[in-house]
């Protein structure tokens with residue numbers, strides 16, 4: 001995989017998006033097994049409804065992982081200096097999620113070149129389920 005070049009991107013430029021889904025219940029069960037998080041709100045639809053949810057919900061880290069996958073599909077993983085997120089809404093079975101990113105700032109300081117990218121994982125209603133920030137080291 002090639003490294004991202006600092007001069008190849010401008011502020012306001014989008015990075016390649018990642019679309020995933022529709023999310024299936026089996027995706028959540030597999031993620032529960034991989035993560036060790038077997039909270040029944042993720043794996044048992046009847047239990048999830050009994051606690052007031054519309055259905056099971058995806059693990060927040062499952063949705064975050066998709067933003068990380070988008071980032072590492074674009075930038076060489078060794079260039080990813082920081083990825084931080086905020087959880088904003090639920091991802092439900094049946095949802096198709098679109099992960100997007102835009103370069104919000106380019107900064108060259110003390111001989112270091114970095115791209116600062118804002119990220120969002122958008123649900124079918126175009127509202128963010130997860131948002132975040134990515135710092136890519138382009139040295």
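Treating the angle as unsigned and between 0 and 90°, give the value, to the nearest 10°, between the Cα long axis of helix 60-74 and the longest Cα principal axis of the chain.
30 degrees
Find the percent of Cα-Cα distances in segment 70-139 that exceed 16 Å, and round it to a whole number.
Numbers: 1228 of 2415 pairs.
Of all Cα-Cα distances in segment 70-139, 51 percent exceed 16 Å.
If each residue of separation counts as 0.36 nm, what is the full-extension length gain between residue 104 and residue 53 once their alpha-carbon separation is subtracted? Walk me through the numbers before you get to the answer.
Values: separation 51, 0.36 × 51 = 18.36 nm, distance 3.53 nm.
My answer for the length gained is 14.8 nm.
Pop the C-beta distance of residue 69 and residue 7 into the FRET formula with R0 = 25 Å and round what comes out to the nearest 0.05. Intermediate values should be presented prior to the final figure.
Details: r = 25 Å, r/R0 = 1.02.
Given R0 = 25 Å and the Cβ-Cβ separation, E is 0.45.
At a Förster radius of 30 Å, what calculated FRET efficiency corresponds to the Cβ-Cβ distance of residue 139 and residue 46, to the nearest 0.05? Don't skip to the end; give the middle numbers.
On the way: r = 52 Å, r/R0 = 1.74.
The pair residue 139/residue 46 has a calculated efficiency of 0.05.
Express the C-alpha Rg of the chain as a ratio against the empirical globular expectation 2.2 N^0.38 Å, rounded to two decimals.
Values: Rg = 16.8 Å, N = 139, 2.2 N^0.38 = 14.3 Å.
In units of the 2.2 N^0.38 Å rule of thumb, it is 1.17.
Taking only the alpha-carbon atoms of segment 1-67, what semi-axes of the equivalent ellipsoid follow from 5 times the gyration tensor eigenvalues under a square root, in whole Å, largest first? Intermediate values should be presented prior to the final figure.
Details: eigenvalues 241, 35, 18 Å².
That gives 35, 13, 9 Å for the three semi-axes.
What is the extension gain from residue 76 to residue 125, computed as 0.36 nm multiplied by their sequence separation minus the C-alpha to C-alpha distance, in nm to one decimal? Before the final figure, lay out each step's value.
Working: separation 49, 0.36 × 49 = 17.64 nm, distance 3.09 nm.
Length gained, residue 76 through residue 125: 14.6 nm.
Bear in mind that the values in this text are calculations on the coordinates, not laboratory data. The shown structure was predicted, so the numbers you read here are calculated from the model rather than taken from an experiment. As a convention, Cβ positions derive from the backbone with ideal geometry for all residues, glycine included, and neighbour counts pool all protein chains shown.
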